[in-house]
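Here's the structure, in structure tokens; my notes come after.
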């Protein structure tokens, strides 16, 4: 009979089912608010983290990426894909999983699904950034692109920024209908619109979240008035943008990590030395965010590994003492570290 795994062999694993159970147990608005607080706290530690653009493998139909970072005590990475064509086949555009490990030993401390968690952390990051950049009295958001991320964005902006109205538009009216239905009973006034122009009417915050892998002008310069905050979260790969270049030239631009954003974000349309501000500098008080009522602020968000590290760290703490995880026998742990073969051999006996 094979020996039972030691305690060190087990790694907590949060499945999709358990992630959903955890979110319902805590409440989605609390999870989004807690995630935003955790991400903001890690942005205040920005200089402690290893930082590198994500490692991307591009194909004609999508991208597969690894997103690593470490704060010197814990190491984390996320595997994530982006395949816009998947929607036509009834598949998710984005799927993901992630891992945290102890830097001192290299032993994993958490393995988790991150398809749901990425949607949550993306929305939390957007709203956290808007808290620092959007007009303080903003109550209405235009949500352009009503795919899998849209409801998370709307709920996060309600919970963290206090918006009470969302104006929805998607080229696919059924996507807008689904989003509106999902947001019913969420304490938001939901307005389904027939065009992007209509969705922008009266909006102080504009979120763009489309996924076509091509240059696509979702917003033209004449559509965007002064005094708004733009949360550009779609695209995120070379050759994919949503905003007309002239909008960028009129905006004060804030980014996560310039070496990554200049390749994947809206600012890939601009000169390589075009001035941008790193969001962590605003959060830490080193530089101002919004400085004038008529200013256009733009968060050119492509997602960065530190945000995933924050999300995984939050989940690791949140599952402690709960049943919202399973222990996986992942680490070979022989009695004698030099006798891995003996451990294999004894398992046959």
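What to note about this one:
Yes/no matrix, rows are residues, columns are (1) modelled with pLDDT of 90 or more; (2) over 18 Å from residue 307 (Cβ atoms); (3) within 15 Å of the chain's Cα centre (by Cα):
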| residue | (1), (2), (3) |
| --- | --- |
| 55 | yes, no, no |
| 62 | no, yes, no |
| 68 | yes, no, yes |
| 73 | yes, no, no |
| 79 | yes, no, yes |
| 84 | no, yes, no |
| 88 | no, yes, no |
| 91 | yes, yes, no |
| 100 | yes, no, no |
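- Qualifying residue in region 15-37 (condition: touching a residue at least 12 places away in the same chain (Cβ under 8 Å), part of a helix (DSSP H, G or I) and touching a strand residue (DSSP E or B) at 6+ places or on another chain (Cβ under 6 Å)): yes
- Selection within region 285-317: residues that are free of Cβ contacts under 8 Å to residues at least 60 places away in the same chain and either touching a helix residue (DSSP H, G or I) at 6+ places or on another chain (Cβ under 8 Å) or part of a loop (DSSP other than H, G, I, E, B) (or both). The member of this set that is farthest from residue 100 (Cα to Cα) is 292.
- Number of the exception - residue 233 against (1) buried (at least 23 other Cβ atoms within 10 Å of the Cβ); (2) touching a strand residue (DSSP E or B) at 6+ places or on another chain (Cβ under 6 Å): (2)
- A single entry from 277, 322 fulfils the requirement of being within 25 Å of residue 221 (Cβ to Cβ) and at pLDDT 95 or above: 277.
- Residue 83 meets each of the listed conditions (1) within 26 Å of residue 254 (Cβ to Cβ); (2) surrounded by 17 or more Cβ atoms within 10 Å (Cβ to Cβ); (3) free of Cβ contacts under 8 Å to residues at least 40 places away in the same chain apart from (1).
- The listed residue being over 20 Å from residue 133 (Cβ atoms) and under 23 Å from the mean Cα position of the chain (by Cα), out of 220, 210: 210
- Any hit, region 324-336, residues being assigned to a loop (DSSP other than H, G, I, E, B) and either loosely packed, with under 12 Cβ neighbours inside 10 Å or not assigned by TED's automatic domain parsing to the domain that holds residue 81 (or both): yes
- Any hit, region 241-264, residues being closer than 25 Å to residue 85 by Cα, without any contact (Cβ under 8 Å) to a residue 60 or more places away in the chain and loosely packed, with under 15 Cβ neighbours inside 10 Å: no
- Within region 109-129, being touching a strand residue (DSSP E or B) at 6+ places or on another chain (Cβ under 8 Å), surrounded by fewer than 23 Cβ atoms within 10 Å (Cβ to Cβ) and outside any strand (DSSP E or B) holds for one residue alone: 115.
- Condition check for residue 110: outside the structural domain of residue 296 (by TED's automatic domain parsing) and either at pLDDT 95 or above or under 30 Å from residue 268 (Cα atoms) (or both): yes
- Taking region 233-258 as the range and being within 19 Å of residue 272 (Cβ to Cβ) and assigned to a strand (DSSP E or B) as the test, the residues that pass are 237, 240, 241, 243, 251, 252, 253, 254, 255.
- Matching residues in region 259-276 - criterion: being assigned to a helix (DSSP H, G or I) and in contact with a strand residue (DSSP E or B) (Cβ under 7 Å, 6 or more places away or on another chain): 261, 264, 266, 267, 268, 269
The values are calculated or read from the model by the stated rules, or taken from the named source; none is laboratory data. Note that the coordinates shown come from a computational prediction; the quantities given were computed from them, not determined experimentally. Virtual Cβ from ideal backbone geometry, glycine too; neighbours counted across all protein chains shown.
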